[in-house]
Each structure stands twice: as structure tokens, then as C-alpha cells.
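Undergrad: One structure, pasted below without further comment.
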Amino acid sequence: MSTYVSAALRKQVIERADSRCEYCRFPQSVTLLAFEMEHIISEKHGGTTTLENLALACPYCNRAKGTDLGSIDPETNQLTPFFHPRTQIWQAHFILSGATILPQTPEGRVTALIFQFNHPDRIQERAGLIAIGQYG
Ligand SMILES: [Zn+2]
């Protein structure tokens, strides 16, 4: 049940994101995979198809997130919302250490965990991009 996103709106989302996944910062330019218009608040939970509620997401992050809004932070056991790319700053929630994304906050932890930022395949892919100056 995904609402149609117009070409004009899609273009605005991609430009604002500098063609990178707004969660894991993977650059769209290095892949043939189509990045997706991700509803930050999913439509299931009342999110709208507007510039404010859309984020550019790589297929890995988008599929891992699904319609979820958050998860249980393993450190505090509290229900915690995911990192919000419109209202929060990536660098305040994550640090890149080598090719691993280290979460720094509860929101960062649930996002890195559920989105599987540090799956071995994704770390390996990121390391390859860092080596050619395309990530970091
Ligand atoms: Zn991503």
C-alpha cells in the first residue's frame, strides 16, 4: 500500500539527500540498485507522502525498516524511535569507525540494530567504497 510519489517530489527528495541513503549514507551513484522513497512515519501509522515525511533510503535500509517506527533499545530496554533524518543530525547519532557505523544514542542503537547497518556484507561493501573514496 504505497502511495505514488510524483517525479518532482522524488527529485526533491534525492537532491536533498545528496543521492545518499539518509540512514546508512550509502551513495546511490555507485550502485545499480534503485533507491527508494521511504516514509519516515509509515503510511500504516498515518505518515503522509510529503517532502517532510520522505527520506531517500537504500533497499537494505528500506526493507529492514518496513513499516516499523522504532524498537527496544538493548541498553535501556525502552521503546525507542528510529533515527529521524528530518529532525536529527546523523553525526550526532552515529560515528564511522573504519567501515563500521557505531551508534552513539538510543535512537542510533535501535536504527543500527534493526536496519542491520553492520551486517558483515554491508561492512565489506562500505570498506570497498572507503578504499575508492566514495564513502565517509
Ligand atoms: Zn541505507
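The values are calculated or read from the model by the stated rules, or taken from the named source; none is laboratory data. Source: prediction; values computed, not measured. Cβ: placed from backbone, ideal geometry, glycine included. Neighbour counts: every protein chain shown.
Undergrad: If I filter the range 102-124 down to residues being surrounded by 14 or more Cβ atoms within 10 Å (Cβ to Cβ) and under 22 Å from THR31 (Cα atoms), which single residue comes out as farthest from the chain's Cα centre (by Cα)?
TA: ILE123
Undergrad: Here's a follow-up. Which of the helices (runs of 4 or more DSSP H) contained wholly in the range 24-136 include at least 1 residues that are free of Cβ contacts under 8 Å to residues at least 24 places away in the same chain, more than 24 Å from VAL13 (Cβ to Cβ) and of a type outside the set (A, V, I, L, M)? Let's see the steps before the verdict.
TA: On the way: elements: 59-65, 90-93, 106-114, 120-131.
Correct list: 120-131.
Undergrad: Shifting gears a bit: Can you name every residue in the range 30-58 that is over 17 Å from THR87 (Cα atoms), out of contact with any strand residue (DSSP E or B) (no Cβ under 6 Å at 6 or more places or on another chain) and within 14 Å of the ligand (Cβ to nearest atom)?
TA: The answer is VAL30, THR31, LEU33, ALA34, CYS58.
Undergrad: Do the conditions hold for SER2, that is, is it more than 15 Å from the chain's Cα centre (by Cα), at pLDDT below 95, hydroxyl-bearing (Ser, Thr, Tyr) and not in a loop (DSSP other than H, G, I, E, B)? Spell out the reasoning first.
TA: On the way: more than 15 Å from the chain's Cα centre (by Cα): yes; at pLDDT below 95: yes; hydroxyl-bearing (Ser, Thr, Tyr): yes; not in a loop (DSSP other than H, G, I, E, B): no.
When the stated conditions are applied, SER2 does not pass them.
Undergrad: Check ALA127, ALA99 and return the single one that is more than 21 Å from THR67 (Cα to Cα), more than 12 Å from the ligand (Cβ to nearest atom), of a type in the set (Gly, Ala, Ser) and surrounded by fewer than 14 Cβ atoms within 10 Å (Cβ to Cβ). Before you say what the answer is, go through the steps one by one.
TA: Values: ALA99 fails: surrounded by fewer than 14 Cβ atoms within 10 Å (Cβ to Cβ).
None of the others qualify; the one that does is ALA127.
Undergrad: Yes or no: the range 8-21 includes at least one residue that is part of a loop (DSSP other than H, G, I, E, B), touching a strand residue (DSSP E or B) at 6+ places or on another chain (Cβ under 9 Å) and at positive phi.
TA: Taking the range 8-21 as the starting set, the residues that turn out to be part of a loop (DSSP other than H, G, I, E, B) are 17-19, 21.
If we keep only those that are touching a strand residue (DSSP E or B) at 6+ places or on another chain (Cβ under 9 Å) as well, we get 17-19, 21.
Now drop any that are not at positive phi, which leaves 18-19.
Yes, there is a match, as at least one residue in the range 8-21 is part of a loop (DSSP other than H, G, I, E, B), touching a strand residue (DSSP E or B) at 6+ places or on another chain (Cβ under 9 Å) and at positive phi.
Undergrad: Would you check if there is a residue in the range 12-27 being surrounded by fewer than 17 Cβ atoms within 10 Å (Cβ to Cβ) and away from the ligand (no atom under 16 Å from the Cβ)?
TA: Residues of the range 12-27 surrounded by fewer than 17 Cβ atoms within 10 Å (Cβ to Cβ): 12, 14-16, 18-19, 27.
Checking the rest, the ones that are also away from the ligand (no atom under 16 Å from the Cβ) come to 12, 15.
Yes, that holds for at least one residue.
Undergrad: Would you pick out the residues in the range 63-83 that are touching a strand residue (DSSP E or B) at 6+ places or on another chain (Cβ under 9 Å) and either more than 25 Å from ASP121 (Cβ to Cβ) or of a type in the set (Lys, Arg) (or both)?
TA: Here is the first cut: in the range 63-83, the ones touching a strand residue (DSSP E or B) at 6+ places or on another chain (Cβ under 9 Å) are 63, 65, 67, 69-73, 78-83.
Answer for the range 63-83, where residues must be touching a strand residue (DSSP E or B) at 6+ places or on another chain (Cβ under 9 Å) and either more than 25 Å from ASP121 (Cβ to Cβ) or of a type in the set (Lys, Arg) (or both): ARG63, LYS65, LEU69, GLN78, LEU79, THR80, PRO81.
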